[in-house]
């Protein structure tokens, strides 16, 4: 064979291999695992600032009212809520907080761990809210499993973060008491700021191991997928043995959609309502919040309700039943279809119950705490008409060129046409610098922005529509 022909043959072979790799990119990525973390990993509460009046009928929409009416309410089960602590005396819990614990840098006793009454004293309303969604009850509204008992665990420090070490300690403690309590599920509405498009079992091996141990004991670790509007999920939702949950809402036609803020991937197990969910907050009050933090406890509560009828079952069996009876919920951005839980066929004694058309009654209370009124607008297709928040993946100094800033961000497009993005950065001396970022109509963007990186502190972004409407700002992100 001539040398020229030999080179041609090699080029053809290489091109063929490249074509195979490109065409199999999705499945190839999903099969990979990420590299182990080398430093302390911080987790944060998974809620958003979206607070639009929708999904006031979330509990009946997932069929939890059917289970309730047939007396399957999570009785004789326990749900562990690993979060920011809980207001145990809140009337929504009716004295059903069975046990409290704390694993963080400073617990109420001044130590790094505590078990007993008052241990899970709340450092934020978030844990009280998620616990109410899973297992709250009053005369007006109720959670998914209103007869379940709650084991409340705080892992959050006052700075709003939880370390991987404390999260692992909390799960190991749950494992240590699992023979004494009938634990159906653990709810963790938390996660890392970054997302993973594949399994992350190797990222935090000790966390992966304890979740697998709990699963082997038929205890589901239910985790919110995250709110970064990303294709992928935050950790620990990306761990294979968790039950990962995306957030849904209802469009004008009555169909379910994944919310624009929710992370989602082909590996996401389930979805549940996560838009404007009314539940308990601090000081005996009630309020609404949105996020995958609100979706996960619906699924955790569903595990407790399932166990009250079907007894102890393997986690994979329960997930399979939820998926087979679930309702399709499309993510408009990725076109991924998730299974939104629907308990009707699992708990109905007389056939399929039609979808509810009424809303949950307005929350009222005899205490001085404020009450909450929720209204539902005629049009609620947020995914088509909103200006979303740009998500800054990374912003850092470009040391070799101090007149530039490196910016990596994503944006989830809707029907609203975007003209450009605003980048606003703060400096150590208090000054502010604004920069207009051209819109490339790409979900993921990397720019070298022409602005001084000397003494720069933090940056945030907003999108601007072609009619000059300015969308909401992202939180400030510290410049690395």
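The values are calculated or read from the model by the stated rules, or taken from the named source; none is laboratory data. What you see is a predicted model, and the numbers here were worked out from it, not measured in a lab. Ideal geometry is used to build each Cβ from the backbone, glycine not excepted, and the neighbour counts take in all protein chains shown.
Taking the residues in segment 463-474 that are in contact (Cβ under 8 Å) with a residue 24 or more places away in the chain and surrounded by fewer than 18 Cβ atoms within 10 Å (Cβ to Cβ) as candidates, determine which candidate is nearest to residue 408 (Cα to Cα).
So, considering only residues that are in contact (Cβ under 8 Å) with a residue 24 or more places away in the chain and surrounded by fewer than 18 Cβ atoms within 10 Å (Cβ to Cβ), the one nearest to residue 408 (Cα to Cα) is 473.
What number goes with the only condition from (1) surrounded by fewer than 24 Cβ atoms within 10 Å (Cβ to Cβ); (2) more than 20 Å from the chain's Cα centre (by Cα) that residue 306 does not pass?
(1)
Condition check: surrounded by fewer than 17 Cβ atoms within 10 Å (Cβ to Cβ) and not assigned by TED's automatic domain parsing to the domain that holds residue 335. Does residue 401 satisfy that?
Considered against the rule, which asks whether it is surrounded by fewer than 17 Cβ atoms within 10 Å (Cβ to Cβ) and not assigned by TED's automatic domain parsing to the domain that holds residue 335, residue 401 comes out as yes.
Under 13 Å from the mean Cα position of the chain (by Cα) and assigned to a helix (DSSP H, G or I): does that describe residue 237?
no
What's the number of the only condition in (1) touching a strand residue (DSSP E or B) at 6+ places or on another chain (Cβ under 8 Å); (2) at pLDDT 95 or above; (3) over 22 Å from residue 59 (Cβ atoms) that residue 323 fails to meet?
Status for residue 323: all satisfied but (3).
Output the residues belonging to segment 454-469 that are touching a strand residue (DSSP E or B) at 6+ places or on another chain (Cβ under 6 Å) and farther than 12 Å from residue 416 by Cβ.
455, 456, 457, 458, 459, 460, 461, 462
Report, ordered by the first and then the second residue, all pairs with beta carbons closer than 9 Å, sequence separation of six or more or different chains, a first member in segment 59-82 that is without any contact (Cβ under 8 Å) to a residue 12 or more places away in the chain, and a second member that is buried (at least 21 other Cβ atoms within 10 Å of the Cβ) and not in a loop (DSSP other than H, G, I, E, B).
Going by the 9 Å Cβ cut-off, the qualifying pairs are 69/347; 71/308.
Could you list, in sequence order, all residues of segment 215-230 that are buried (at least 24 other Cβ atoms within 10 Å of the Cβ) and on the phi < 0 side of the Ramachandran plot?
The answer is 219, 220, 221, 222, 223, 224, 225, 227, 228, 230.
Can we say residue 448 is at pLDDT 80 or above, buried (at least 18 other Cβ atoms within 10 Å of the Cβ) and over 19 Å from residue 227 (Cα atoms)?
Taking the combined requirement at face value, the residue does not satisfy it.
Determine which member of the set 155, 174 is in contact with a helix residue (DSSP H, G or I) (Cβ under 6 Å, 6 or more places away or on another chain) and within 26 Å of residue 270 (Cα to Cα).
Within the list 155, 174, the selection yields 155.
Tell me the residue from 79, 86, 151, 168 that is within 24 Å of the chain's Cα centre (by Cα) and more than 21 Å from residue 213 (Cβ to Cβ), please.
Of 79, 86, 151, 168, the one residue that is within 24 Å of the chain's Cα centre (by Cα) and more than 21 Å from residue 213 (Cβ to Cβ) is 86.
In the list 392, 437, 418, which residue meets the criterion of being under 30 Å from residue 256 (Cβ atoms), modelled with pLDDT of 90 or more and not assigned by TED's automatic domain parsing to the domain that holds residue 258?
Sole residue among the options that is under 30 Å from residue 256 (Cβ atoms), modelled with pLDDT of 90 or more and not assigned by TED's automatic domain parsing to the domain that holds residue 258: 418.
Would you mind finding the one in 262, 279, 293, 224 that is touching a helix residue (DSSP H, G or I) at 6+ places or on another chain (Cβ under 8 Å), under 18 Å from residue 60 (Cβ atoms) and assigned by TED's automatic domain parsing to the domain that holds residue 191?
279
Does any residue of segment 430-449 turn out to be under 16 Å from residue 397 (Cβ atoms), part of a strand (DSSP E or B) and without any contact (Cβ under 8 Å) to a residue 24 or more places away in the chain?
Yes, the conditions are met somewhere in segment 430-449.
Do the conditions hold for residue 184, that is, is it within 17 Å of residue 336 (Cα to Cα) and crowded, with 24+ Cβ neighbours inside 10 Å?
No, not satisfied.
How many residues, within segment 142-161, are outside any loop (DSSP other than H, G, I, E, B) and modelled with pLDDT of 95 or more?
6
Which of the helices (runs of 4 or more DSSP H) found entirely inside segment 45-141 contain at least 2 residues meeting this: at pLDDT 95 or above?
It comes to 126-135.
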